[in-house]
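To start, the structure under review is shown below, and the notes come after it.
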There are 2 protein chains.
Amino acid sequence: MESRWIGVDLGGTAMKLGLVDREGRVIAEAEHPTLGEEGPDGVLGRMVRHARELAEEAGVPWKAVKGVGVGLPGFLDIPGGVVKHLTNLGWKDVPIRALLEEAWQVPVMIENDANAAALGEAWCGAGRGVDDLVCFTLGTGVGGGIVSSGQLIHGFKGFAGEVGHIRVQDGGVACNCGQTGCLETIASATGMVRLAEEAIREGKETVLAAKKGALSTRDLFEAKEQGDAVAREVIHQAVDALARAMAMLSVVLNPQRFVIGGGVSKAGESLLTPLREAYARHSQAHVREEVEIVGATLGNRAGLVGAAGLHARNAGG
Amino acid sequence: MESRWIGVDLGGTAMKLGLVDREGRVIAEAEHPTLGEEGPDGVLGRMVRHARELAEEAGVPWKAVKGVGVGLPGFLDIPGGVVKHLTNLGWKDVPIRALLEEAWQVPVMIENDANAAALGEAWCGAGRGVDDLVCFTLGTGVGGGIVSSGQLIHGFKGFAGEVGHIRVQDGGVACNCGQTGCLETIASATGMVRLAEEAIREGKETVLAAKKGALSTRDLFEAKEQGDAVAREVIHQAVDALARAMAMLSVVLNPQRFVIGGGVSKAGESLLTPLREAYARHSQAHVREEVEIVGATLGNRAGLVGAAGLHARNAGG
């Protein structure tokens, strides 16, 4: 009976579960609505049931499951296994590890969702075999996770890795975090669309004007391919801001690889090629030597794979 | 017979040696000229002799010395124990660990000098008891070291912790590293004196004009106390740049404590008080909570204490 692990990625709208083997392969997976209105007891009760169903349907006896990892978007006391504050579900001080261990009778670990995704990519995605890396998730916001000497960096209270709030612009626009000019205000999908809509409002000539109000970053990358000047400028700004943040992270952490994930990264080489050029411009010669900038490979499975990896990665084998 | 360790801080002009106990107390110390013109064999030969003399003069038999740590300013292959390039001594590819272990017959570890100093402060200086901290050394340049979860961050090739090269200014002056606007160009002693001399050249009224060509940061802090506007502005710029770098490090690493050392830090509260205010202005509320900004306490012994700590810190007891 081979050992298995379960990873859970608990978001505001959906919980994703995956049954994972020692190498991080996803053997079975499932997605269910979170139904946050049911409160911690309801949500965790269903999580417990869905995990057991997942194993059962895959023909894996529960005693083969050696641990469950749960990634959550919020403020966590990781050593204590307690959710301090889950903003989008309104949870406060939920001793999630104790509750789940009681129900499942297996070891449970929790992790910040962005860190779990970074760990997933580091373990068996685009960061495989690399001990020092930084992951960016370019989506509605800009999230991230840092792995150094093979270990996630958490910091004093678990807030490390908030790379979206690196300041890249003097006197930039206000960010949700209370500061100005954060990377997230420029290089997130939201930030890029905002920049494009500003240009449209200013009356600049662009094919994007036709999509006003319903713009996506995909529209931006397509318009750039067609030679649209506004799209080119917005993408240039986003790429330049990201490259500045990466140059800064290079002198601080000297990572071997940057992994770029999230919705915006679906642009692939249209994003990565100019990003590599901008990084070469902004970074010091000796810290950029042999540094790679690659796309994430696990997609939206990164979080659950990394959550399972909290256990499985150290299981030897 | 109590265990002892030796730390060596090898600089371009002097080698400092310290005999250290389990708690990081310096029992005996010595300083000798480096005499780099003698080459690796000559310098290391004398280092070997001076270390043995240090133990002997302190009445400690060599077999009580359980390890020696050496901090060096250069590019190191730390796992391999090899000096790749020591710029100011011109050394290349010196297998220093093997050479020293052969001579001393004790385990030897090497470390970047700024990291060794950070480790010294973390182990038994201003960072004692804190697992996540960042040290700045404000001197001719701005150096630093990062400790996360009690471990030094090295990165892919050992270049992590070069906090002096965080960019804090768009379109700033050129830095030795090839980039512009680095923290070091503003917040080092060199940078502060440069800013003051620029103001003097521009004809601004200042008591500092009398010291033109021989200005020190001590003069700046004294002039500020007397209400000198130029001194106030230069110190404000340096403090603001440092606080921006610290705010950025807080979202990336979420340290509990910043330790400020080096010559400039001798200004004490004249530096730390405005620095705390500027940090509060530039940082996110949740990452600055409970964060402390303190002066280094080990002075120029930090490097040798940290070098000894490479072994002794993990010796238990």
Problem set entry | Convex hull (Cα only) mean projected area of the stretch A:74-181, reported in nm² to one decimal | 8.4
Problem set entry | Degrees between helix A:269-282 axis and first principal axis of chain A (Cα, 0 to 90, nearest 10) | 70
Exercise. Expressed as an acute angle from 0 to 90° and rounded to the nearest 10, what is the orientation of the C-alpha long axis of helix B:229-253 relative to the principal long axis of chain B?
Worked result: 60
For this session: With everything on Cα atoms, drop me the angle between helix B:39-57 and the longest principal axis of chain B, reported from 0 to 90° to the nearest 10.
Result: 70
Exercise. From the label point of B:Thr140, set 7 Å along Cα to the beta carbon, how far off in nm is each other copy's matching point, shortest first?
Worked result: 5.2
Exercise. To the nearest 100 Å², how much accessible surface do chains A and B hide from each other in total, with a 1.4 Å probe?
Worked result: 3300
Exercise. Which one of B:Asn88, B:Asn115, B:Asn300 has the biggest mean-square fluctuation once chain B is modelled by GNM with Cα springs under 10 Å?
Worked result: B:Asn88
For this session: First compute the accessible area of the protein assembly as shown with a 1.4 Å probe, then give the percent of it belonging to carbon and sulfur atoms.
Result: 48
Exercise. For label points placed 7 Å from Cα toward Cβ, what is the shortest-first list of nm distances from A:Ser216 to its copies?
Worked result: 6.5
For this session: Once every Cα of the stretch B:146-224 carries one equal point scatterer and solvent is ignored, give the base-10 log of I(q)/I(0) from the Debye formula at q = 0.13, 0.14, 0.19, 0.24 Å⁻¹, two decimals.
Result: -0.54, -0.60, -0.86, -1.08
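Find the percent of Cα-Cα distances in the protein assembly as shown that exceed 31 Å, and round it to a whole number.
57
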Problem set entry | Among A:238-246, B:154-162, A:209-217, the order from most to least packed when residues are scored by Cβ within 10 Å on average | A:238-246, B:154-162, A:209-217
Seminar exercise, completed: With x for Gly and Pro, the residue-by-residue ³J(HN,Hα) of the stretch A:103-111, computed from phi through the Karplus equation 6.51 cos²θ - 1.76 cosθ + 1.60 at θ = phi - 60° and given in whole Hz, is 6, 8, 6, 9, x, 10, 10, 10, 7
For this session: In a Gaussian network model over chain B where Cα atoms closer than 10 Å are linked, find which of B:Ala51, B:Ala229, B:Ala187 has the largest mean-square fluctuation.
Result: B:Ala229
Problem set entry | Orientation-averaged projected area, Cα convex hull of chain A (nm²) | 16.9
Seminar exercise, completed: the stretch B:230-276 accessible area per residue, 1.4 Å probe, protein heavy atoms, integer Å², reads 28
Seminar exercise, completed: Taking a probe of 1.4 Å and leaving out DNA, RNA and ligands, the stretch B:14-64 shows per residue an accessible area in Å² of 49
Exercise. Taking H as built 1.01 Å from N, whose amide H comes closer than 5 Å to the amide H of A:Leu76, not counting residues under 5 places away?
Worked result: A:Lys84
Exercise. Which distances, in nm and shortest first, link the A:Glu31 label point to the same label point in every other copy, taking 7 Å along Cα→Cβ?
Worked result: 6.5
For this session: May I ask you to evaluate 6.51 cos²θ - 1.76 cosθ + 1.60, the Karplus curve with θ = phi - 60°, for each residue of the stretch A:152-161 and list the ³J(HN,Hα) values in order in whole Hz, giving x for glycine and proline?
Result: 5, 8, 9, x, 3, 10, x, 8, 5, x
Exercise. What does the convex hull of the Cα atoms come to per residue for the stretch B:142-279, in Å³?
Worked result: 119
For this session: Answer with one residue from A:Asn300, A:Gln169, A:Leu152: the one whose Cα lies farthest towards the positive end of the charge dipole of chain A, charges on Cβ with Lys, Arg +1 and Asp, Glu -1.
Result: A:Leu152
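The values are calculated or read from the model by the stated rules, or taken from the named source; none is laboratory data. Remember, it's a predicted structure, so these values are computed and weren't measured experimentally. Backbone-built Cβ (ideal geometry, glycine too); neighbour counts: all protein chains shown. Areas reflect the complete protein model, heavy atoms only, side chains present, ligands, DNA and RNA absent. Shrake-Rupley method; radii C 1.70, N 1.55, O 1.52, S 1.80 Å.
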